[in-house]
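Okay, structure first, notes after.
The values are calculated or read from the model by the stated rules, or taken from the named source; none is laboratory data. It should be emphasised that the depicted structure is a prediction, and the values quoted were computed from it without experimental measurement. Cβ coordinates were reconstructed from backbone atoms using ideal geometry, including for glycine residues, and neighbour counts include every protein chain displayed.
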Amino acid sequence: MTAGFEQPDGATPLKLEELRGLKPAWITSRRDLDEAEEANILRGLAWTQRARGDGLSEEFVLRLHKQMFGDVWQWAGTIRHRETNIGTLPHQIRPALRELLDTARWWREQRPFPIDEIAVRLHHRLMQIHPFPNGNGRHTRLMADLLVEELGGDPFTWGRQNLVAAGPLRASYISALKQADDGDIAALLAFARS
C-alpha cells in the first residue's frame with residue numbers, strides 16, 4: 001500500500017497505519033494524494049475566514065488541521081501517537097504545544113520581535129514539535145500567515161511555489177528550517193517573504 005507514496009526530502013514518511021486512514025478510495029499515488037489534500041486545504045483556508053476564537057489556542061491548532069485535511073485523512077486534527085523522523089516525542093507533544101502557544105500569546109501581546117519574526121518563530125517551533133502524522137509544514141505555514149495577518153502584516157509568500165514537491169525550493173526551505181534549529185532564523189525569515 002505504500003508503493004506510489006514516496007515522500008519528498010525532509011517530509012515525514014507515511015506509515016501503513018496512516019495510509020489506512022485515507023478516506024477517498026480513488027487515491028492510489030502521491031500525485032492523487034497531493035491533489036486531494038490541496039482541494040481540502042483550500043476548504044480549510046475558507047474556514048479560517050469564518051472561524052472565531054483565539055488562533056493561538058490548542059483547540060484552534062487541532063481544528064485547523066482537521067479543516068485542512070479532514071476530507072482526506074481520518075486522523076486529521078489528531079495529535080500523532082508514534083515517533084517520526086523529526087519532532088517531539090509523542091508523549092511530549094501536548095505540553096510542548098501548550099508552552100509554545102502560551103509563549104506566542106505573550107509575543108502577540110508584548111511584541112518583543114517584529115511581527116514577521118513572531119509569526120516565523122511560531123512556524124519554526126511548530127515544525128520542531130511536529131504535532132501531526134502529516135501536513136505539518138502546510139499547517140504551520142498557514143498558522144504563521146494567520147498570525148502575521150492578525151498582527152497587521154501581509155501573509156507570507158513562502159517561495160511563491162508548492163513546497164510539497166521535491167526540488168530546489170523545498171531544499172532551500174528545509175535548509176532555512178535547519179539554520180533556525182541552530183538558532184539563526186534569518187534565512188527562514190527571508191524565505192517566508194521570498
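Only one of Ile86, Ile118, Ile129, Ile79 is surrounded by fewer than 17 Cβ atoms within 10 Å (Cβ to Cβ) and in contact (Cβ under 8 Å) with a residue 12 or more places away in the chain; which?
Details: Ile118 fails: surrounded by fewer than 17 Cβ atoms within 10 Å (Cβ to Cβ); Ile129 fails: surrounded by fewer than 17 Cβ atoms within 10 Å (Cβ to Cβ); Ile79 fails: surrounded by fewer than 17 Cβ atoms within 10 Å (Cβ to Cβ).
After applying the criteria, what remains is Ile86.
If you take the residues of the range 144-161 that are in contact (Cβ under 8 Å) with a residue 40 or more places away in the chain and surrounded by fewer than 21 Cβ atoms within 10 Å (Cβ to Cβ), which of them is nearest to His65 (Cα to Cα)?
So the residue we want is Leu146.
Does the range 60-72 contain at least one residue that is within 25 Å of Leu147 (Cα to Cα), more than 13 Å from the chain's Cα centre (by Cα) and in a loop (DSSP other than H, G, I, E, B)?
yes
Residue by residue through the range 21-50, note down the ones that are outside any helix (DSSP H, G or I) and either modelled with pLDDT under 90 or in contact with a strand residue (DSSP E or B) (Cβ under 9 Å, 6 or more places away or on another chain) (or both).
Across the range 21-50, the qualifying residues are Gly21, Leu22, Lys23, Thr28, Ser29.
From the list Ala180, Ala144, Ala96, exactly one residue is at pLDDT 95 or above, within 13 Å of the chain's Cα centre (by Cα) and among the small types (Gly, Ala, Ser). Which is it? Before the answer, list the steps.
On the way: Ala180 fails: within 13 Å of the chain's Cα centre (by Cα); Ala96 fails: within 13 Å of the chain's Cα centre (by Cα).
Only one candidate passes the filter, namely Ala144.
Can we say Leu169 is in a helix (DSSP H, G or I), of a type in the set (A, V, I, L, M, F, W, C) and modelled with pLDDT of 95 or more? Give the steps one after another, and end with the answer.
Values: in a helix (DSSP H, G or I): yes; of a type in the set (A, V, I, L, M, F, W, C): yes; modelled with pLDDT of 95 or more: no.
For Leu169, the condition - in a helix (DSSP H, G or I), of a type in the set (A, V, I, L, M, F, W, C) and modelled with pLDDT of 95 or more - is not met.
Consider Val164 against the criteria (1) among the β-branched types (Val, Ile, Thr); (2) part of a loop (DSSP other than H, G, I, E, B); (3) touching a Pro at 6+ places or on another chain (Cβ under 6 Å): it satisfies all of them except one. Which criterion is unmet?
Only one criterion is unmet by Val164, namely (3).
With (1) closer than 17 Å to Gly153 by Cβ; (2) touching a residue at least 60 places away in the same chain (Cβ under 8 Å); (3) outside any loop (DSSP other than H, G, I, E, B) as the list, and Leu56 as the residue in question, which single condition is left unmet?
Condition (3) is where Leu56 drops out.
Tell me which residues, restricted to the range 100-131, are farther than 24 Å from Leu89 by Cα and either part of a helix (DSSP H, G or I) or small (Gly, Ala, Ser) (or both). Write out each step before concluding.
The first filter runs over the range 100-131 and keeps only residues farther than 24 Å from Leu89 by Cα, leaving 106-118.
Matches in the range 100-131: Trp106, Trp107, Arg108, Glu109, Gln110, Ile115, Asp116, Glu117, Ile118.
Let me spell it out: the conditions are (1) at pLDDT below 95; (2) within 28 Å of Trp75 (Cα to Cα), and Asn136 meets all of them except one. Which number is the exception?
The one condition Asn136 does not meet is (1).
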